[in-house]
Amino acid sequence: MDPRLAAVITTQGLITRGQALDLGLSPGEVRRLLRHREWLPLRRGIYTTRAHWESLDVHVGRPRLLAVAAGMAATRGWVLSHDSACHLLGLPVLRTEPTLVHLTRPGWTNAWTEYGIRHHLAGFEQHQVVEVDGVRALDLARTAVDMAREHGLKAGLVSCDAAMRRGVTTRDLEAAYARMTSWPGIRTARTAVDLADPGAESPLESLARELVVEAGIGIPDTQFPVKTSRGLYWADLQVGNHVVEADGEIKLRAVTDGGVAGDPRRSLHEEKLRERALADRGLVVTRVVWEDIWGRRRTEAITRLRRDHAESVERFGPAVSPGLAQEAVELRRRYGDRRGA
């Protein structure tokens, strides 16, 4: 391939028909590349190479490239929104099926799906539009609120938490839904904003916090620092003398299998030792994994949370010990408050 063509695709992830022709390809050569599937069409007149497409993961990389292509092709005031804006802006997305590109333009509230694109008519202010790599999208706050309206509380909470961790405030999120008085899903959006917390460092931590709230044991504090015999430890969630750890599989999966653990067995052993060190400080520990968020496992996880919390109250009292509370204040002052914005 002409290195100038390769440079465009490497930089953008795609190439337009106009760019290809400007760089010397003939219309016949473009047709040949498409016919032999060396190039793949993303939208009309917008292509990527098969090699590049196959190198992208199916959950983020490919949806983001499809969103960028749709944004480049969009006319009449359409901007990327919802899942597609998340992919463009780097917000995590709970997987939804089918994977659609989402576009919004001003109009009476309405939506329809056509040719793999979910079209939304909904009002927005121009200051809510941002541009990334030449593609226009709704901003972090509006996108997070839209995710809650479109996909429900869990998806909205994940997006709102992540947006706040990027510097969006509660006031920003409230301003984003202020005009949505009677829009579909607005009550869910308000709930997601009310529960949002920038202390969540992953989607699993967001969903584990929702699980704790549903268990009725209290509103948890996030990123609670505890000094243990094994060093400083930041608990994901803390209610009284009860801490809840959200354990993603990636922490215990070998690097060769896409995880971050050099030695999975040793990583599991280290987790057990940290749990013991926390118990030595007068804390009861509950571990929550991804499967605990859904279906029958969710009911079992809520029962386990309630049981462990009752144990913490019986053994250590309903409120976090004054020593741990004061220590947390000092540790956050010394090492920074990891709860974010």
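Here's the yes/no breakdown for (1) modelled with pLDDT of 95 or more; (2) of a type in the set (Asp, Glu); (3) farther than 22 Å from GLU201 by Cβ; (4) in a helix (DSSP H, G or I):
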{"residue": "VAL244", "(1), (2), (3), (4)": "yes, no, no, no"}
{"residue": "LYS251", "(1), (2), (3), (4)": "no, no, no, yes"}
{"residue": "LEU268", "(1), (2), (3), (4)": "no, no, no, yes"}
{"residue": "ILE302", "(1), (2), (3), (4)": "yes, no, yes, yes"}
{"residue": "ARG306", "(1), (2), (3), (4)": "yes, no, yes, yes"}
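The residue of region 47-87 that is most open to solvent (accessible area, probe 1.4 Å), among those that are over 13 Å from LEU103 (Cα atoms) and polar (S, T, N, Q), is SER55.
Scanning region 270-300 for residues that are in a helix (DSSP H, G or I) and among the polar types (S, T, N, Q) yields a single hit, THR299. In region 300-319, the qualifying residues are those that are touching a residue at least 40 places away in the same chain (Cβ under 8 Å) and over 17 Å from GLU245 (Cα atoms), and the one that is most open to solvent (accessible area, probe 1.4 Å) is ARG315.
Please tell me if GLU38 is closer than 22 Å to LEU121 by Cα, free of Cβ contacts under 8 Å to residues at least 24 places away in the same chain and of a type in the set (D, E, K, R). No: the conditions fail for GLU38. Just the residues that are in contact (Cβ under 8 Å) with a residue 24 or more places away in the chain and either open to solvent by less than 30 Å² (accessible area, probe 1.4 Å) or among the acidic types (Asp, Glu) (or both), please, taken from region 4-15. Within region 4-15, ILE9, GLY13, LEU14, ILE15 qualify. So, in region 125-138, of the ones that are touching a residue at least 40 places away in the same chain (Cβ under 8 Å) and in a loop (DSSP other than H, G, I, E, B), which residue ends up surrounded by the most Cβ atoms within 10 Å (Cβ to Cβ)? Only one residue fits best here, namely ASP133.
Scanning region 210-241 for residues that are free of Cβ contacts under 8 Å to residues at least 40 places away in the same chain, in contact with an Asp or Glu (Cβ under 8 Å, 6 or more places away or on another chain) and open to solvent by 10 Å² or more (accessible area, probe 1.4 Å) returns a single hit, ASP236.
Among the residues of region 197-209, is any modelled with pLDDT of 95 or more, over 27 Å from ASP247 (Cα atoms) and of a type outside the set (Asp, Glu)? No. Scanning region 18-25 finds no residues that are touching a residue at least 40 places away in the same chain (Cβ under 8 Å), surrounded by 11 or more Cβ atoms within 10 Å (Cβ to Cβ) and in contact with a strand residue (DSSP E or B) (Cβ under 9 Å, 6 or more places away or on another chain).
Out of all the residues in region 179-200, which are farther than 11 Å from CYS160 by Cα and open to solvent by 70 Å² or more (accessible area, probe 1.4 Å)? The answer is ARG179, THR181, SER182, PRO184, ARG187.
The values are calculated or read from the model by the stated rules, or taken from the named source; none is laboratory data. Please read all numbers here as calculations on a predicted model, not as lab measurements. Counting neighbours? That spans all protein chains shown, and the Cβs are built from the backbone with ideal geometry, glycine included. Surface areas here come from the heavy atoms of the whole protein model, side chains and all, with no ligands, DNA or RNA. Shrake-Rupley method; radii C 1.70, N 1.55, O 1.52, S 1.80 Å.
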